[in-house]
1. Would you pick out the residues in region 233-264 that are more than 15 Å from Leu394 (Cα to Cα) and in a loop (DSSP other than H, G, I, E, B)?
2. Would you check if there is a residue in region 122-145 being under 27 Å from Thr208 (Cα atoms), under 29 Å from the mean Cα position of the chain (by Cα) and of a type in the set (Val, Ile, Thr)?
3. With part of a loop (DSSP other than H, G, I, E, B), over 29 Å from Leu51 (Cβ atoms) and in contact with a Pro (Cβ under 9 Å, 6 or more places away or on another chain) as the only criterion, which of Asp501, Asp506, Asp539 stands out?
4. Need pairs with beta-carbon distance below 8 Å; first residue in contact (Cβ under 8 Å) with a residue 24 or more places away in the chain and more than 18 Å from Thr432 (Cα to Cα) and within region 453-480, second part of a helix (DSSP H, G or I) and of a type in the set (Asp, Glu); sequence gap 6+ or separate chains.
5. Scan region 4-12 and tell me whether some residue there is modelled with pLDDT of 90 or more and either β-branched (Val, Ile, Thr) or surrounded by fewer than 11 Cβ atoms within 10 Å (Cβ to Cβ) (or both).
6. Is at least one residue of region 550-558 touching a Lys or Arg at 6+ places or on another chain (Cβ under 8 Å) and either on the phi > 0 side of the Ramachandran plot or part of a helix (DSSP H, G or I) (or both)?
7. Which ones in region 559-582 are polar (S, T, N, Q) and part of a loop (DSSP other than H, G, I, E, B)?
8. Would you mind telling me which numbered condition in (1) at pLDDT 95 or above; (2) in a helix (DSSP H, G or I) Met59 fails?
Amino acid sequence: MKQIVVVCLFALLVCACEREEHFITDAVYREMVEVDFQQKKAVFGEADTVLFDVFNTEMTLAEREALTFLYAYSPLVDISLSGGEFLLDNVRLAFRAREEMPWGEKIPEHIFRHFVLPVRGGKENLDTARAVFFNELKERVAACGNMERAALEVNHWCHENVIYRPTNARTSSPLATRQRAYGRCGEESVFALAALRAVGIPARQIYTPRWAHCDDNHAWIEVWIDGEWKYLGACEPEPRLNIAWFTLPVQRAMYVEAEVFGKYEGDEEIVSTNENSSAVNVTSRYTRAARTVVQVKDTAGNPVENAKVEYKIFNYGEFYPVVTLHSDARGETHLTLGEGDVVVWASRDARFEVVRFPVNERDTLVVTLDKREGELFSAEFELVPPEQRDIEALTSAGERAENDCRFVREDSIRDAYVATFMTPGEAHRVATELGVDTARFARYINVARGNYREIERLFRLSGDKERAMALLDVVAEKDLQDTPADVWLDHLEGTRDFEEDALFRDYVLNPRVQNELITAFRQPIWTALAREGVLSGEDTLGRRAMAERLLRYIERTQIVNYPAKVATPPVGVLRAGVTDGLSRDIFFVALCRTVGIPARLGAVSGKAECCLDDMWYTVNFASDQAMPKGKLMLYYPGAPVGDPKYFLNFTIGKLKNGGVRVIDLGSNADVDMGAGASYSKIFAAPVELEAGYYTLSTGNRRSDGAVMAGLTTFRVEAGEQTDVELRILPVMERVELAGHVALPLVFTPEGAMSPGDISLPRQGYTAIAVVEADKEPTNHLLRDMGSIKDELERLGVPLYIVFKDKDNLQKFSPSDFRPFPAVIRWGHDSDGKLLQRLAEGLQLRDTGNLPLVVLVNDKGEVAFMSRGYRVGLGTQIMNVMNRK
């Protein structure tokens, strides 16, 4: 009888499971996800009993399959740091949005799976934004009636919370970006993406890895609306979709991509698929594009299978690989590209070739692998970006006026939030109460923005307030904006008994190693080391002996080749025991700093280094080999660029296995991307490098966006100095009249009550820029002006920065930028008359594409014009003005 009951219960259970709906209805795809899930689980080994424990939680069949999908394709950091309960919560929130939003049932399964369900949108730190954003937005967007209006409304809400401002390379979480009230384009896009997905609108991050016409990149958002992908500028709402400030400059892109979570099988050009994601080529959606073929052959003319083919754009001083493919049995790779020039670097078995590919001239390129790795060579390229074509205004005057009114209201909402931050006066009062340096404390509070309470809490709880200040002095500004007080306190407590020396602040106290999230790692690491006996007798051990123990300890950490978009912080590595190579190196630095050994990631080598006996040593893990070193000295003849900048005019890369790793000889850590240190600073003395084969990349960009680029290889011999000439190719500016404007040109100077004439020089040209405050293209132009302050002041010609109206000028805050050249004259456009006169003279059909920059002489002749987004514009303006 009991057996009959058991059988009946089992049958009922099976029937119940069969009645439950699958989240993944395609059985073949479902089986693939299960196989990938089991492979991911096997990667974690013994740690899977903890990290995968969430699967013992009671959940529906759909929830289980969705969670399995997330685990199968999440990067290691999301499993080891964020954890299963976090991922399950997000699964349930995604399902709730699908059930409650009016458009939920219209979204196809595969679109929901890849573009609503995933938590991660880019390289951001993860947080609970989905729950917060859903609660704030659900009623507001449900009232919109359809997905398109809802997506526009979400973007307006995003603008109420966040605007553009450049920050460093670490991408903060959506809630941290909101707390700060600004972010760079990558942070704006993951913020908007999180908001859209929170209310069930399919969204994905789109980016051009590098522009072809200027030195930068950009990211934005596409939303899936009733079967069609449409784009928007994140946190930069427009009256309709498929309109953004980058609508014109994106025509000059060589390659535009969407990285999709998981193994995507959509009807799009899928460029590549790895263990975690798929790369989708969307270039043809934004610009004129061509389907290209690269044929790789050996010296006998035979096709080469599995050759690595890198498509490179010269940008920020390097030939940057935007796409890497491998040739098929016919020796071919296929890729849709914009109609400009790329450099193709093909390699296989220590043979390679580097060739310019003019896509606008041909659709097929034959590459013969006739160079050997180690062989010295040089090449020069003139690389021309795709053309930009003018378009009619995409919005009516009425739509634009209504949108501008909303902008004013949204700015006031955000400004009201910013006004709640601690004021300088309150910061001085608190500092006096706490007995700390008022100026330094006020700076921390000002930088922390919405995180000011955590900074105040740190100082109220810290027993060593001077060391707390030293800690905050050594980290990046962004760290003050999203790090809780408890994390800072862990690092203070963990270093309480350490003596300070010249290296202590930067390489022991400092919790920042690379671009990982700062976590409270010292106490967990100390506990783990004590449990494993690593700290036994540590009071009598020297640094060298302790470093050897740490090396033996960390070699237990398994290194896997899973793609690592985001470095795993030390606490995640400690928890999982499995990670990628970079995160392993960060973990070792954290181990050393926890026990008081100065450690870092070498700027040049990129490897973990520790200081023993007053000397820095590169850490060689079991799979690494110690590399002997030599020296490099670059000699620059002094023309055509005054003092070349690293990551702008030149870079040096280490060549190994057919690929190039650009080394850091002086970056600008304050921003995500930008020119670094100058040649004269870096090569005031020879630079020490590992022995090996290197590339020297050089470039000089013309005002039309084309670049004269050079590539030279050289070898650094162990124990010797290698001398190489830094040769930067000259550019011939094509100064042609772009038009003629009627004089006089009038603006209202800053602080003036009435308009005045713009003073035009008798010889040469004056630069006039009509700009719009708080917009990314304008901010890039203003950053450019600050970066060449000395050069523009030596030139001595007035430059006019004219905001489009008085309100716009009042929104501008010079303190958000580095100091500007003294030759700049600030003002606003009185009744739009300046912009109207320039548009009439230059026959512009759309005056909304700002900044509008012209170089004009006293005859009204315009020798140069630029509209909209272009990074590096300051240097190009100066180059033309120098020609007189």
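1. Once the filter is applied, which keeps residues that are more than 15 Å from Leu394 (Cα to Cα) and in a loop (DSSP other than H, G, I, E, B), region 233-264 yields Ala234, Cys235, Glu236, Ala253, Met254, Tyr255, Val256, Gly262, Lys263, Tyr264.
2. Within region 122-145, none of the residues are under 27 Å from Thr208 (Cα atoms), under 29 Å from the mean Cα position of the chain (by Cα) and of a type in the set (Val, Ile, Thr).
3. Going through Asp501, Asp506, Asp539 in turn, just one is part of a loop (DSSP other than H, G, I, E, B), over 29 Å from Leu51 (Cβ atoms) and in contact with a Pro (Cβ under 9 Å, 6 or more places away or on another chain): Asp501.
4. Listed pairs, sorted by first residue: Val474/Asp506.
5. no
6. Within region 550-558 (the criterion being touching a Lys or Arg at 6+ places or on another chain (Cβ under 8 Å) and either on the phi > 0 side of the Ramachandran plot or part of a helix (DSSP H, G or I) (or both)), the answer is yes, since at least one residue qualifies.
7. Once the filter is applied, which keeps residues that are polar (S, T, N, Q) and part of a loop (DSSP other than H, G, I, E, B), region 559-582 yields Asn561, Thr568.
8. Going through the list (1) at pLDDT 95 or above; (2) in a helix (DSSP H, G or I), Met59 breaks only (2).
The values are calculated or read from the model by the stated rules, or taken from the named source; none is laboratory data. In this text the structure is predicted, and so the values were computed from the model without any measurement. Note: ideal-geometry Cβ built from the backbone for every residue, glycine included; neighbour counts use all protein chains shown.
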